[in-house]
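Structure record follows, encoded as structure tokens.
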Amino acid sequence: MYEHDVIVVGAGGAGLRAAIAAHEAGADTALVTKLHPVRSHTGAAEGGINAALQEGDDWELHAYDTMKGSDYLGDAPAVETLAQDSPEDTMRLEHWGMPFSREEDGRVSQRPFGGLSYPRTTYAGAETGHHLLHVMYEQVVKRGIQVYDEWYVMNLATTDEPDPNDRTCHGVVAYDVQSGQIEGFKANDGVILATGGPGQAFDHTTNAVSCTGDGHAIAYRAGVPLEDMEFIQFHPTSLPSTGVLISEGVRGEGGILYNEKGERFMFEYGYANNDGELASRDVVSRAELTEVNEGRGVNDEYVYLDMRHLGEERILDRLENILHLAEDFEGVDGLVEPMPVKPGQHYAMGGIETDENGQTNIDGLYAAGECACVSVHGGNRLGGNALPELIVFGKRAGRHAAGEDLGDAQIETGYGEDVEVETDADLPVTPGEVGIEPADDGVAADGGVTADAEGLLERTVERERERVDRLMDKDDGIQHAEIRQKLQKAMTDYVNVFRTEEGIKKALKVIRECREEYQHVYVDDPSRTFNTDLQQTYETRNLIDVAETIALGALVRNEFRGAHWRKERQERDDENWLKHTLISWNGGKPDIFYRPVILEGEEKTYEPKVRSY
Ligand SMILES: Cc1cc2nc3c(=O)[nH]c(=O)nc-3n(C[C@H](O)[C@H](O)[C@H](O)COP(=O)(O)OP(=O)(O)OC[C@H]3O[C@@H](n4cnc5c(N)ncnc54)[C@H](O)[C@@H]3O)c2cc1C
């Protein structure tokens, strides 16, 4: 068994930042990650980091834009913390060596991004995330923080009191991809989940194959609510054949969207008369699909993004990476042709419910980054607001887990007596088992007795070893890939940009079938080393649980807010829906409850307004 004060699961932007902060606060800290840190998905981030750095801009404007972008579903304490801390945390990256792009006079450059009232997106060419990872990994190495890379975290070691709010997390169990060994990692002070997004629940996504919602699922099964899962961002400019992202930076630099008739449709059809291509992402994605649905799309599938007029010099200076992506993945030369683009799953606004210190309702368990919902992005994330979330809330989670006093949190967590419970919805799910084990599987101790931390870890390790043996001993059944494909197709067909009650129910039916089929899953590869089949079988189980929460959230939220559009109710309903959707796995079925959004900021209340761009 390994032992540290703070264990950070995941070494993308959020995990690296959390580990640095915990270490600086004096904790013996370790990173446990299924990928080498610099292969984390943060490396794909192209466009930049929002921070109010310049004269004329300030954190209040950033907070206002974020709240408006969220369609008034962000919690003000989190939104304001993000906007206040981002400038200092961005400049810290600069001091650590981040090669931000610069103006002629040497100042750090900032570009406009969708939904921003000021050009505040700080960038390093079109490879911001790549540099961010390298710069922070250097700091991790410099500080001697222990990294267990290519260790796949299978489960949390959490006590099993009947009320999840009374539970404690003592560590994790992980599988060494290289040797096949399964071991416990005891955390004396806290576990921080920084496992990234669940994009692989969809089949057309800008996310890497590693984005499988592992942290979401293990936290959910241990008793942490997942929040606002219905809010999935579909980015308007992904390449049609692969889902590879073409950064919003292209539109930020002046790129233009055209339909098949050569019309600049964002203005021509009044989708966003002021901001046009730089309207918020949900607005542009719906506009593109409307063009396609009304017969003005190219090949009935996509539209064009044109950057030729920016000129070769500017493109090579600021968007060179985009040229390579368009050429390599679509065979298009962006200097001489427009690029085909369509909406693709990109980001999960929802996630593991936390307060502004990164803490969940389970003692000793934290989450930060895309896997968490603090909630900054509410119904829709603004481009350039995820990377500051990683560094601001990664830092806070690291410090808090290491014992620093950050003050009382204003955001509540957990399924308590005072919450509003969903009782009316006709949910097409039957109480049943999560994945392949009984409902209480995420919890290791039994009989309501809290074992000591070591005993708990040992029992959890034993359970995972038995589970692996069972999966490997079976020699027939169904392979995980078949189930995963079916799940991804249903989510893309029915829980996409435009959603209907009928479609969502169809998706839930397929998810239920996937859950049943998963009872017969087996691992074909008999090897104990580098067994990616085994790892992906675990990941598919997680995707099933996460997909179900996305679809359930989408079903109950009968309104149109941010990225969540419902055919039955095509307007925002502030009277009934200024609240977060929370889904908690209790007693073998998902329970849905709500918590009001916090619109009261430090000095003002954010009054919901019509959201136009
Ligand atoms: C193509 C693309 C471009 C983007 N561009 C921008 C941008 O310009 N600006 C912006 O603000 N946002 C951008 N975003 C969003 C942003 O990049 C992501 O939300 C963010 O990088 C996620 O960081 P993370 O640290 O939460 O997760 P990740 O970087 O995905 O890291 C997850 C980590 O968790 C580990 N992990 C996962 N599961 C396990 C497990 N079971 N066991 C052990 N380890 C595990 C992985 O190994 C990895 O280290 C972009 C997103 C995409 C997809």
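Here is the figure for the stretch 13-55: residues that are open to solvent by less than 40 Å² (accessible area, probe 1.4 Å), within 30 Å of P112 (Cα to Cα) and in a loop (DSSP other than H, G, I, E, B) total 7.
Restricting attention to the stretch 134-188, the residues that are assigned to a strand (DSSP E or B) and either open to solvent by less than 10 Å² (accessible area, probe 1.4 Å) or touching a residue at least 40 places away in the same chain (Cβ under 8 Å) (or both) add up to 27. Taken together, the residues in the stretch 97-118 that are assigned to a loop (DSSP other than H, G, I, E, B), over 24 Å from the mean Cα position of the chain (by Cα), free of Cβ contacts under 8 Å to residues at least 60 places away in the same chain and surrounded by 15 or more Cβ atoms within 10 Å (Cβ to Cβ) amount to 2. Of all residues in the stretch 207-216, which are open to solvent by 20 Å² or more (accessible area, probe 1.4 Å) and near the ligand (Cβ under 7 Å from one of its atoms)? Scanning the stretch 207-216 gives a single hit, S210. Checking each residue in the stretch 380-397 for being open to solvent by 10 Å² or more (accessible area, probe 1.4 Å) and of a type outside the set (A, V, I, L, M, F, W, C) picks out R381, K395, R396. Pairs are defined by a Cβ separation below 8 Å, a sequence spacing of at least 6 or placement on different chains, a first member in the stretch 30-50 that is at pLDDT 95 or above, and a second member that is of a type in the set (V, I, T) and open to solvent by 30 Å² or more (accessible area, probe 1.4 Å); the pairs so defined are A30/V147; L31/V147; T33/V147; P37/V147. Which one of D545, D573, D533 is open to solvent by less than 60 Å² (accessible area, probe 1.4 Å) and at pLDDT below 95? Result: D545 is the single residue among D545, D573, D533 that is open to solvent by less than 60 Å² (accessible area, probe 1.4 Å) and at pLDDT below 95.
Hey, does the stretch 207-219 have a residue that's free of Cβ contacts under 8 Å to residues at least 24 places away in the same chain, more than 21 Å from G379 (Cα to Cα) and touching a helix residue (DSSP H, G or I) at 6+ places or on another chain (Cβ under 7 Å)? Yes: one or more hits. Being modelled with pLDDT under 95 and away from the ligand (no atom under 12 Å from the Cβ) is true for just one of D105, D89. Which residue is that? Unique residue meeting the criteria: D105.
Using the structure shown, decide if I598 is surrounded by 23 or more Cβ atoms within 10 Å (Cβ to Cβ) and more than 16 Å from the ligand (Cβ to nearest atom). No. Number of residues in the stretch 322-347 that are surrounded by 15 or more Cβ atoms within 10 Å (Cβ to Cβ) and without any contact (Cβ under 8 Å) to a residue 40 or more places away in the chain equals 4.
Could you check the stretch 217-238 and list, in sequence order, the residues that are among the small types (G, A, S) and either open to solvent by 10 Å² or more (accessible area, probe 1.4 Å) or in the same structural domain as I322 (by TED's automatic domain parsing) (or both)? Selection gives S238 alone. M472 fulfils the conditions (1) under 19 Å from P590 (Cα atoms); (2) surrounded by fewer than 21 Cβ atoms within 10 Å (Cβ to Cβ); (3) touching a residue at least 24 places away in the same chain (Cβ under 8 Å); (4) not hydroxyl-bearing (S, T, Y) except for a single criterion, (1). The number of residues in the stretch 368-395 being more than 8 Å from the ligand (Cβ to nearest atom) and assigned to a helix (DSSP H, G or I) comes to 4.
Exactly one residue among E127, E150 is within 12 Å of the ligand (Cβ to nearest atom) and closer than 30 Å to Q181 by Cβ, and that residue is E150. How about the stretch 565-613: which of its residues are part of a loop (DSSP other than H, G, I, E, B) and either closer than 17 Å to V374 by Cβ or in contact with a Cys (Cβ under 6 Å, 6 or more places away or on another chain) (or both)? If the condition is that a residue be part of a loop (DSSP other than H, G, I, E, B) and either closer than 17 Å to V374 by Cβ or in contact with a Cys (Cβ under 6 Å, 6 or more places away or on another chain) (or both), then V597, I598, L599, G601, E602, Y606 are the ones that fit. Here are some conditions: (1) within 13 Å of the ligand (Cβ to nearest atom); (2) over 26 Å from V284 (Cβ atoms). A45 meets all but one. Which one does it not meet? Of everything listed in (1) within 13 Å of the ligand (Cβ to nearest atom); (2) over 26 Å from V284 (Cβ atoms), A45 misses just condition (2). Take S241 and tell me if it is open to solvent by 50 Å² or more (accessible area, probe 1.4 Å) and within 16 Å of the ligand (Cβ to nearest atom). It is true that S241 is open to solvent by 50 Å² or more (accessible area, probe 1.4 Å) and within 16 Å of the ligand (Cβ to nearest atom).
One residue alone among G394, G398, G358, G364 is touching a residue at least 60 places away in the same chain (Cβ under 8 Å), closer than 22 Å to G48 by Cβ and assigned by TED's automatic domain parsing to the domain that holds M491, and that residue is G394. Of all the listed residues (E294, E312), the sole one being more than 28 Å from F231 (Cβ to Cβ), open to solvent by 20 Å² or more (accessible area, probe 1.4 Å) and acidic (D, E) is E312.
The values are calculated or read from the model by the stated rules, or taken from the named source; none is laboratory data. In this text, all values refer to a predicted model and were calculated from it rather than measured experimentally. Neighbour counts run over all protein chains shown; Cβ positions are idealised from the backbone, glycine included. Areas reflect the complete protein model, heavy atoms only, side chains present, ligands, DNA and RNA absent. Shrake-Rupley method; radii C 1.70, N 1.55, O 1.52, S 1.80 Å.
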